[in-house]
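Read-outs throughout are calculated quantities, based only on the coordinates presented, and are distinct from any laboratory measurement. This structure is a prediction, so every number in the text was calculated from the model and none was measured. Every residue, glycine as well, gets a Cβ built from its backbone with ideal geometry; the counts of neighbours run over all protein chains shown.
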Amino acid sequence: MSSQIKEFYNGQNILLTGGTGYFGKMIIAKLLKSTEVKNIYLIVRAKEEIGFDKRVVIMFQEEIFSNTNEQIFLSKLHPIEGDLRKEGLGISKEDALFLKENINVVFHCGASLNMDAKLADAVMTNVNGTAEILNLMKGSRTLRAFVLVSTAYSNCMNEIIEEKFYEPPIDPKLLIMMANNMKAELLNDISSSDIDGI
């Protein structure tokens, strides 16, 4: 059975952050099983003894991909070493140009999910990472959709959360500037009570 959503993704190049996380894996599995997506590019961080490309190969062993053809999985998934915490996502100029000129859909799922994370780390991953990926895709002539998947804990200080845009308690650019210019210890001493809503 055909659907507009399935048709939309057919032949598209997808960029995904957070692809090795829970929600990212679900997106990959759904795209591979239900569409004729052209390619899925993953910005993946190396972890201790595991290289960024090896993380994707290991990921295929997980249950969610049990009904996925390995050849299709490995031919359509293209890991790119990067890090949301770094300037320019820590990717090469060549990769950045390629993505800007070829990506049709971005799923930005990458984030720090540690609710006890130090403020400096959370800002660099969650706020600055989002700014960096938006900056990467700015001016792209091929981009058709940008999907930001954010935390379920947004606006948790409200008893009722309406379906609307809320003003941030602090300007995100100021928060990034603070994270870049203040000593991490000083920034981490700022508690949620110091910035209402964080």
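Some notes on this structure:
- The magnitude of the dipole of the chain, with charges of +1 and -1 set on the Cβ of Lys/Arg and Asp/Glu and taken from the Cα centre, is near 800 debye.
- With the simple spin-label model, which puts each label point 7 Å out from Cα in the Cβ direction, the Lys47 to Leu97 separation comes to 3.3 nm.
- Charge dipole (the chain, unit charges on Cβ, about Cα centre) - positive-most of Gly129, Thr68, Asn114: Thr68
- Secondary structure note: in the chain, about 5% of the DSSP beta bridges are antiparallel.
- Rg over Rh, two decimals, the stretch 16-130 (C-alpha only, Kirkwood Rh): 0.96
- Stretch in the chain that is longest and holds no chymotrypsin sites (Phe, Trp or Tyr not before Pro) that DSSP places in a loop and that have at most 11 other beta carbons within 10 Å: 1-152
- Loop-located trypsin sites (Lys or Arg not before Pro) in the stretch 98-149, at most 16 other Cβ atoms within 10 Å (DSSP): Lys118, Lys138, Arg141, Arg144
- Calculated FRET value between Asn188 and Gln71, using beta carbons and R₀ = 35 Å, to 0.05: 0.15
- DSSP loop GluC sites (Glu not before Pro) with at most 13 other Cβ within 10 Å: longest gap in the chain: 63-158
- Long-range amide H partners of Leu77 with built H, under 5 Å: Ile40
- Packing-based exposure ordering (other Cβ within 10 Å, fewest first) of Lys47, Lys54: Lys47, Lys54
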